[in-house]
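Working notes, beginning with the structure itself.
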Amino acid sequence: MNPFPEIINSKLPKTGISVFAVMSNMANEHNAINLSQGFPDFECSSKLIELVTKYMHKGYNQYAPLAGVMKLREAIAEKTEYMYTASYDPETEVTVTAGATQALYTAISAFIREEDEVIVFEPAYDSFVPAIKLNGGIPVCVPLKIPDYHIDWDEVRKLLNQRTKMIIINTPHNPTGSILSAKDMMQLEKITKNTGIIILSDEVYEHIIFDGYEHQSVCRYPSLAERSLVTCSFGKTFHTTGWKTGYCLAPENLMKEFRKVHQFIVFCSNTPIQHAIAEFLKNRSNYEKLGEFYQEKRDQFVKLINNSRFKIIPSLGTYFQLLDYSTITDEPEMDFAQRLIKEFGIGSVPVSSFYNKPVNNNTLRFCFAKKEETLEKAAKILCKI
């Protein structure tokens with residue numbers, strides 16, 4: 001028993017363990033196929049592992065500079081200019097982070113004060129709202145419109161006021177697999193013009209986009225880029241989620257404030273991995289073909305479950321597939337997701353867990369970043385339900 005219960009006043013009283021951990025732990029407990037947490041079950045490039053080992057043996061095992069190894073920052077700036085014709089100074093506008101989640105938290109901590117309002121689109125990646133609350137901000141949650149999960153910009157416009165400090169966007173979108181279009185970006189550009197609103201753009205799946213669509217990074221839009229922090233992930237791009245290495249792009253005035261906070265959260269990220277990724281980025285095929293790679297997996301998974309009772313909601317990016325189970329049962333999403341693990345041996349994530357308030361759209365998220373045999377086994381189960 002805690003002898004001093006009165007001294008504990010939780011800053012996140014309604015927040016428990018991440019749904020990803022909950023569902024993955026349950027899948028492991030029941031020996032189920034885990035399509036819940038977003039990570040590959042196949043290995044990353046052996047060449048990349050060799051590079052990390054090389055730099056470890058070369059002695060790059062101490063602290064990296066606060067902002068990251070310069071040759072990696074230069075490689076990031078070069079990639080960004082190549083992909084989006086956007087120029088970022090590696091000295092002052094690129095920072096390497098311990099994963100994208102750290103970059104997101106750092107960005108929110110650097111700019112959100114007590115009572116500042118932050119627009120968040122739901123369903124939303126689960127770190128957004130807690131980070132806002134921890135910094136005294138007020139999340140203003142705007143639901144994406146189903147069935148295609150698009151933004152109603154007229155609704156957003158009505159919510160803007162003098163306390164609106166930040167708008168968080170995520171494209172390609174986790175958990176839905178939807179993407180923002182050029183029209184969306186122009187709407188965002190229009191409603192933030194002549195305001196002090198900062199854009200925090202989560203673009204960790206920037207290279208995982210399908211069906212001929214082009215990723216609409218805020219970097220492509222100069223008047224948005226000048227007010228934006230962009231977060232990206234090498235873990236998602238190179239199948240190394242456990243390495244927790246990402247980065248943030250921002251104009252110098254925003255990056256200066258970002259780095260003030262960054263230094264006291266992690267100071268720097270893994271040194272030999274930074275050197276290895278810098279060299280790995282020289283070969284553009286290491287990221288340019290990623291969309292094709294995952295589109296094949298998406299198409300395989302969709303084809304395998306085409307005859308199931310689940311309704312397939314189109315995924316245009318990320319490595320997640322939403323399935324509507326409304327013709328199977330009217331159970332709440334968490335109840336059905338847990339039953340799938342216990343009775344059928346397959347793990348997913350209820351999309352309702354990505355909302356701040358209870359909803360039930362009879363929709364589950366499945367990760368298809370898996371080996372062919374894993375997807376085949378999972379599909380057989382789903383087709384029997």
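FYI, it's all coordinate maths here, none of it is from the lab. In this text, all values refer to a predicted model and were calculated from it rather than measured experimentally. Please note: Cβ atoms are built from the backbone with ideal geometry, for glycine as well, and neighbour counts cover all protein chains shown.
Of all aspartates and glutamates in the structure, the ones whose alpha carbon falls short of 14 Å from that of Lys371, not counting any fewer than 8 places away in one chain, are Asp41, Glu43, Glu296, Asp299. Straight Cα distances below 17 angstrom link Lys190 to the aspartates and glutamates Asp152, Asp154, Glu155, Glu226, with same-chain residues fewer than 8 positions distant left out. In terms of surrounding Cβ atoms within a 10 Å radius of their Cβ, Glu78, Glu206 rank from fewest to most as Glu78, Glu206. A helix-only calculation puts the chain at -11000 deg cm²/dmol for mean residue ellipticity at 222 nm, using -39500 (n - 2.57) for each DSSP H run of at least four residues, averaged over all residues. Dipole orientation for region 60-159: of the candidates Pro65, Ile119, Ile151, Pro65 has the Cα lying most toward the positive pole (charges on Cβ; Lys, Arg +1; Asp, Glu -1).
The distance between label points at Asn31 and Leu134 comes to 3.7 nm (points 7 Å beyond Cα on the Cα→Cβ vector).
Exposure proxy shown here: for Met186, Met83, the number of other Cβ atoms within 10 Å sets the order, fewest to most, as Met186, Met83. Using a cut-off of 21 Å between Cα atoms, the listed pairs Lys342/Lys384; Lys14/Lys342; Lys145/Lys193; Lys79/Lys282 include Lys14/Lys342; Lys145/Lys193 as exceeding that distance.
Taking label points 7 Å from Cα along the Cα-to-Cβ direction, Ser127 and Asp184 give a separation of 2.0 nm. Binning at 5 Å from 0, report for region 204-298 what percent of all alpha-carbon pair distances ends up in each bin. Whole-percent P(r) values from 0 Å outward: 3, 11, 18, 21, 20, 17, 8, 3, 0.
Hey, which of these cross-link pairs are over 29 Å Cα-Cα: Lys58/Lys236; Lys183/Lys380; Lys165/Lys357; Lys58/Lys297?
Lys183/Lys380; Lys58/Lys297
Computed on the Cα atoms alone, the convex hull of the chain gives a volume of 159 cubic angstrom per residue. With a Förster radius of 30 Å applied to the C-beta separation of Glu288 and Lys14, the computed FRET efficiency comes to 0.10.
Here each label is just a point 7 Å from Cα along the line to Cβ, and for Thr195 and Glu226 those points are 1.7 nm apart. Dividing the Cα radius of gyration of region 62-283 by 2.2 N^0.38 Å, with N the residue count, gives 0.96. To the nearest whole percent, what portion of all C-alpha pairs in region 160-223 is separated by more than 14 angstrom? Everything past 14 Å amounts to 57 percent. Each part reduced to its alpha carbon centroid, region 64-101 and region 296-323 end up 34 Å apart. Peptides 51-58, 361-368 ordered by packing proxy, namely the average of other Cβ atoms within 10 Å per residue, highest first: 361-368, 51-58.
In region 77-121, the ratio of gyration radius to Kirkwood radius, Rg to Rh, stands at 1.08 when only Cα atoms are counted.
Counting only Cα atoms, the size of region 56-159 along its three principal axes is 53, 32, 24 Å, in decreasing order.
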